[in-house]
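Okay, so here's the structure we're looking at.
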Amino acid sequence: MQSQDKKQTGPSAKGQTRAENRQDALSTRPESAARAESASRAETLARNTETYRELGLAIFIVILSVIFQIRNPKFLSLSNIKDMLANTAILSILTVGMMMVIITRGIDLSIGSTMALAGMITSLTVSANPGISPFLSLAQGMAVGLAAGLIIGVLVAYFNILPIIATLGLMNILRGMTYLISKGKWVSAYQMSAGFKSLSTGTTFGISNLIIFAIVIYIIYAYFINQTKTGRYIYAVGSSPDTAELIGIKRRRIILLVYTLMGLLAGLAGVLWVSKFASAQGDTAVGYELNVIAATVLGGVSVSGGRGKVSGILLGSILFGILANALPLINISPFWQQFIQGLVILAAIISNVLLQRRNDRIALKKRVI
Amino acid sequence: MQEAVQIFKEIQLKEADMKKTFTVVALVLIALALVMPASVFAAEKAKYAIVFKNTGNPYGEKQMEGFKNGIEEQGFEAILRAPDLPTAEAQIQIIEQLIAQKVAAICIVGNDYDALVPVLKKASAQGIKVFSLDSSVNPQARLTHVNQADSEKIGQTLIKAAYDMAGGKGEIAILSATSQASNQNIWIDFMKKELAKPEYKDLKLVKVAYGDDLRDKSVSETEGLLRSYPNLKVIIAPTTVGIAAAGKVLTDKGLKGKVMLTGLGLPSEMAEYIENGVCPYMFLWNPIDVGYLGAYVGTALVSGKITGKVGEKFSAGRLGNYTITKAPDGGTEVLLGPPFKFDKSNIEEWKKVY
Amino acid sequence: MHMTETTSVIDVNKPRGIRQYQWEIFLVVLFLAVNVVNSFLSPYYLTLDTFLSTPMNFLDKAFLVLPMTMIIILGNIDVSVGSIVALTSVLMAVSYNAGLPMPLAMVLALVISTTCGLINGLLQIKFRELSATIITLSTMTVYRGIAYVILEDRSAGHFPSWFSFLAWGYIGKVPFILIVFVLAAIVFAILLHTTRFGRMVFAVGNNKTACEYSGIRTGRIILGVSVITGLMAGFTSLFLTSRMGSTRPNVALGYELDVIAMTVLGGISTNGGKGRIAGPLISIFLIGFLNYGLGLRNVSAQVLLIILGFLLILSVLVQNFTDRPRQKSSSKSGKSAAPTHQSDAGSGSDIQGNSAQGG
């Protein structure tokens, strides 16, 4: 725990040589030594608090699972877990995009409508051309989502429209378009090709395709956000937009990128959704954006920007998926769901704030004057 | 330097002015363009309006289409409206607009039994004939109600189907929506009443689950049912979204033959699951016919042929003659007919219709 | 932490005289245009009764536009207003049906709605790091969730017959709701534009940090505005419930969007710190009559959705264009009360906010 690195300088370093230790013991500044000790202890604590949050979430999931298992022993069966994961896969894909958006201090309320539009367009195409390759459908859906995200990105980044307003407006526009192009009709299972339907319900190596999609996206995303320059720029822009711009980071481009990616993922999710349920409706995914925001925020992504981890949103999605799956199993009235969801979001964001304040206080203590 | 700055500011202000003027002109042009295609004082024909629960609902679209056919067949103009959210407030707005257009009759598919009463009373006070269809409203606000099928019969038919599918005994469950409108609970109540009868003593209703008419929720609820009640024999889903979702789950899990499915569903949505055997048969009625019948009820009311009282008779075009009967909620109603059974033999033909 | 923007107090660019009301005049022109078009749509349109009675359709929402103006001037946003209306309405109906006398139930409604607003405000002051967006997003879910827990999917109503007078009644030829609204609008206009409280709302919206350093209790202002919002939501709930004679947990769905649209279209800049109540007042009627007119033409709900979405975005776009041209609004995304950065060429004094802190 204590580093014996001799390179550490300054009175706050615990890793001093024995000579220096004796020096300090004899020194006439007992307070600074005490302060130094507590400060470096705090530093390790601060590092741990971040991990604490993830740990806390993981523990919470475990506790919940135990409770649910007791109430209904079927909960932890392999088939139920597979169901849960498949149902959560789409949500988790969306949280990836939402995480980037929220890190840059934005929000996106239009993803439900984007999903619906992408799903509807793709389904209509498949219905008219059953021979089309499912991958082409995927691409088509992603293109629709990309376009939507691009528009939002331009509005937010270059026209300075508040994200909530831009996405609120687009939410309506895209939904209206969905109703219009579908002419009020649904696309039903028999109109979809088997290939299209197996996008979501098929398996590869025994694992549901949906889970595979999610895993692949997470791997790519984790690399992108943590290891690439652009990924780190996203954090920078969210953390301090002005400073980022001063440094030379193209803030507007980053914001444009973020919303475009969100749109892309929403388009993909839309195709997967209609494939999973083998039905495309005009009111697909109405209100789904709230679920996504909830899961993202649960996972520790800070709405004041600049903070969030991939492991966090993964845990957040899983927790959300558990809640959605377990409530029917343990006979909680469905009318409690929204209330519980709201409380969970509130609890998550407030605890994030409190943890963050603690961290900041600790960081402040580190500064020995 | 100062003058340059001043001039610069003036230019900017002028730019702002120009932008504003441009915007005004643009918006006015847009408004006019939206409206231009509408001929100004066109229709001298009487107008009949139908207000459905929400848009994007294929069942509703078919009902409205049937209504339109019936009205236009008789030489009048039909107005089809539906709000984007299935709420009562939205329907109130629409009804106000219809009142302003001085329509002859309003056919309402209510999002709420009571909330529309004040505005419908206002319509009646202005001489508009008000009647409900599919999803009824309080009898004090309607002259009569057009019902697809006898609610009691629906309950009986579904329970009989479940009985037959379960082989005479076993556990059954109901997957419902949440009733925004009156139908679901009425049917479920009749089903429960039917189950209490001695011939169904071996059939046990283990749970009523609510899928909210949401696809993903209905899927979760179905999976929950299957998991909590492993001996489940039949799922009854009297809702189009619910039955299709259950059909998908049963198909994906390969439970065909072990757990049966029936209920009320759209032939287009259920075609796949009837063809693959997961759902041996299910019921509905033809929404086009419902709307068509509504059209004739409307014109009969307006022409004074009927006033909505029990026993009155009228003719409904290609559907034949109808008599008004007493409705379970104290008002009156017109019944289309018995529920229609969809199975492998006719699904191919019907799946394309609606 | 971010670098706070600077703002200049003395603004030589501000248009004087009638020029100030550019946006409002623009709105009035639009309003007239809409009515001209409407009158072509329906031979029955141009009567006094139309103009007096049509507002009954949308005035319940209008009560929310008044506080929303303040909220947006503050630089915040509140998406929970619809849910507060729903919860209030449900509780009022349930308590009346449980035996509470109607007048008391109505008072209870106002108490509940104000409490919801209070909670919103408290959360915002206690957790300043959180933007109003996310706080009200959460409370939106919680409040409506409670409504669902109480009433599930049932409806409640059977109010006394005099209750419908609120939404349907007339005094002479003028609808009761219109009278109440006009009074409320006057009160708000006075509150916002002449009282000290109102001045402070502008100040906080302009530059929150500067206000805090100047000794203004920004927390109290935010709390006050939130409480007022709650109270107004109670009014909306009373009138909406009266209009329907019954209620459910899903009432007032989507109200947030409409109210925000009306406010923003009324010229209240989402950057905060400025605006006039006149604009939103005009836009209430503008949007209301526009909706009505489109409805007369039986425009479908889908198209209406698209139009409303476009209107919202368009109005913000136009405002951003015509606002001080050199405006840089760098840290706008999602953050509440972000002051505007104005670099007026030639204007001397700039008041520096905090210098940048690390990370």
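The values are calculated or read from the model by the stated rules, or taken from the named source; none is laboratory data. Please read these numbers as outputs of a predicted model, since none were measured by experiment. Glycine gets a Cβ as well: all are built from the backbone with ideal geometry, and neighbour counts include every protein chain shown.
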Scan of region C:281-303 for residues that are assigned to a helix (DSSP H, G or I) and more than 18 Å from residue C:33 (Cα to Cα), ordered by number: C:301, C:302, C:303
Checking the conditions here, which among A:235, A:259 is in a helix (DSSP H, G or I), under 16 Å from residue A:313 (Cα atoms) and hydroxyl-bearing (Ser, Thr, Tyr)? A:235
Kindly evaluate residue A:285 against the criterion of being in a helix (DSSP H, G or I) and aliphatic (A, V, I, L, M). no
Exclusive hit being modelled with pLDDT of 90 or more, on the phi > 0 side of the Ramachandran plot and either out of contact with any strand residue (DSSP E or B) (no Cβ under 7 Å at 6 or more places or on another chain) or crowded, with 24+ Cβ neighbours inside 10 Å (or both), set B:242, B:263: B:263
Among the residues of region B:81-126, count how many are under 23 Å from residue C:40 (Cβ atoms), facing another protein chain (nearest Cβ under 8 Å) and either of a type in the set (S, T, N, Q) or in contact with a Lys or Arg (Cβ under 9 Å, 6 or more places away or on another chain) (or both). 6
Which members of region B:266-288 meet the condition of being surrounded by 23 or more Cβ atoms within 10 Å (Cβ to Cβ) and part of a loop (DSSP other than H, G, I, E, B)? B:266, B:278, B:279
Residue C:227 - would you say it is among the β-branched types (Val, Ile, Thr), surrounded by 24 or more Cβ atoms within 10 Å (Cβ to Cβ), assigned to a helix (DSSP H, G or I) and in contact with a Ser or Thr (Cβ under 9 Å, 6 or more places away or on another chain)? no
Search region B:57-77 for residues that are in the same structural domain as residue B:108 (by TED's automatic domain parsing) and farther than 19 Å from residue B:336 by Cα and pair each with any residue that is surrounded by fewer than 22 Cβ atoms within 10 Å (Cβ to Cβ) and aromatic (Phe, Trp, Tyr) when their beta-carbon atoms are under 7 Å apart and the residues are at least 6 apart or on different chains. B:58/B:354
Selection from region B:54-80 of residues aliphatic (A, V, I, L, M), assigned to a helix (DSSP H, G or I) and facing another protein chain (nearest Cβ under 10 Å) yields B:64
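Residue-wise test of (1) touching a strand residue (DSSP E or B) at 6+ places or on another chain (Cβ under 8 Å); (2) at pLDDT below 90; (3) in a loop (DSSP other than H, G, I, E, B).
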| site | (1), (2), (3) |
| --- | --- |
| B:322 | yes, no, no |
| B:342 | yes, no, no |
| B:345 | no, no, yes |
| B:349 | no, yes, no |
Check on residue C:198, at pLDDT 90 or above, among the small types (Gly, Ala, Ser) and closer than 21 Å to residue C:280 by Cα: yes
Does region B:317-333 contain at least one residue that is closer than 30 Å to residue B:261 by Cβ and of a type in the set (S, T, N, Q)? no
Hey, among the residues in region A:180-190 that are surrounded by fewer than 24 Cβ atoms within 10 Å (Cβ to Cβ) and not small (Gly, Ala, Ser), which one's farthest from the other protein chains (Cβ to nearest Cβ)? A:181
So for region C:49-67 (the condition being away from chain B (no Cβ under 11 Å), within 15 Å of residue C:242 (Cα to Cα), of a type outside the set (A, V, I, L, M) and crowded, with 24+ Cβ neighbours inside 10 Å), does at least one residue qualify? yes
Inside region A:74-179, counting only helices (runs of 4 or more DSSP H) that do not spill past its ends, which hold 3 or more residues that are among the polar types (S, T, N, Q) and either surrounded by fewer than 22 Cβ atoms within 10 Å (Cβ to Cβ) or away from chain C (no Cβ under 14 Å) (or both)? A:78-103, A:111-128
Of those in region C:71-89 that are modelled with pLDDT under 95 and away from chain A (no Cβ under 13 Å), the residue nearest to residue C:280 (Cα to Cα) is C:73
In the list C:235, C:202, which residue meets the criterion of being of a type in the set (Phe, Trp, Tyr), closer than 30 Å to residue B:116 by Cβ and either touching a residue at least 60 places away in the same chain (Cβ under 8 Å) or touching a strand residue (DSSP E or B) at 6+ places or on another chain (Cβ under 9 Å) (or both)? C:235
From the list A:253, A:232, which residue is more than 12 Å from every other protein chain (Cβ to nearest Cβ) and either within 30 Å of residue B:266 (Cβ to Cβ) or free of Cβ contacts under 8 Å to residues at least 60 places away in the same chain (or both)? A:232
Please enumerate the residues belonging to region B:208-228 that are outside any helix (DSSP H, G or I) and surrounded by 18 or more Cβ atoms within 10 Å (Cβ to Cβ). B:209, B:210, B:211, B:212, B:213, B:214
Filtering region B:300-320 down to residues that are in a loop (DSSP other than H, G, I, E, B), touching a Phe, Trp or Tyr at 6+ places or on another chain (Cβ under 6 Å) and among the hydrophobic types (A, V, I, L, M, F, W, C) yields B:306, B:316
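A quick yes/no check of all residues on (1) more than 14 Å from chain B (Cβ to nearest Cβ); (2) out of contact with any Asp or Glu (no Cβ under 9 Å at 6 or more places or on another chain); (3) small (Gly, Ala, Ser); (4) surrounded by 23 or more Cβ atoms within 10 Å (Cβ to Cβ):
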position	(1), (2), (3), (4)
A:276	no, no, no, yes
A:281	no, yes, no, yes
A:286	no, yes, no, no
A:290	no, yes, no, no
A:298	yes, yes, no, yes
A:318	yes, yes, no, no
A:328	no, no, no, yes
A:353	yes, no, no, no
Here is a list of conditions, (1) at pLDDT below 90; (2) buried (at least 24 other Cβ atoms within 10 Å of the Cβ); (3) under 30 Å from residue C:310 (Cβ atoms), and residue A:196 meets all of them except one; can you say which number that is? (3)
When residues of region B:149-203 are limited to those that are assigned to a helix (DSSP H, G or I) and among the basic types (Lys, Arg), the one nearest to residue B:214 (Cα to Cα): B:192
Scan region C:42-71 for residues that are among the β-branched types (Val, Ile, Thr) and in a helix (DSSP H, G or I) and jot them down. C:50, C:54, C:65, C:69, C:71
Conditions first: (1) within 18 Å of residue B:240 (Cα to Cα); (2) out of contact with any helix residue (DSSP H, G or I) (no Cβ under 6 Å at 6 or more places or on another chain); (3) within 14 Å of chain A (Cβ to nearest Cβ). Residue B:349 passes all but one, so which condition is the exception? (1)
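One line per residue, one yes/no per condition, for (1) within 14 Å of chain C (Cβ to nearest Cβ); (2) over 28 Å from residue B:301 (Cα atoms); (3) in contact with a Lys or Arg (Cβ under 7 Å, 6 or more places away or on another chain):
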position: B:150; (1), (2), (3): no, no, no
position: B:164; (1), (2), (3): no, yes, no
position: B:174; (1), (2), (3): no, yes, no
position: B:177; (1), (2), (3): yes, yes, no
position: B:198; (1), (2), (3): no, yes, no
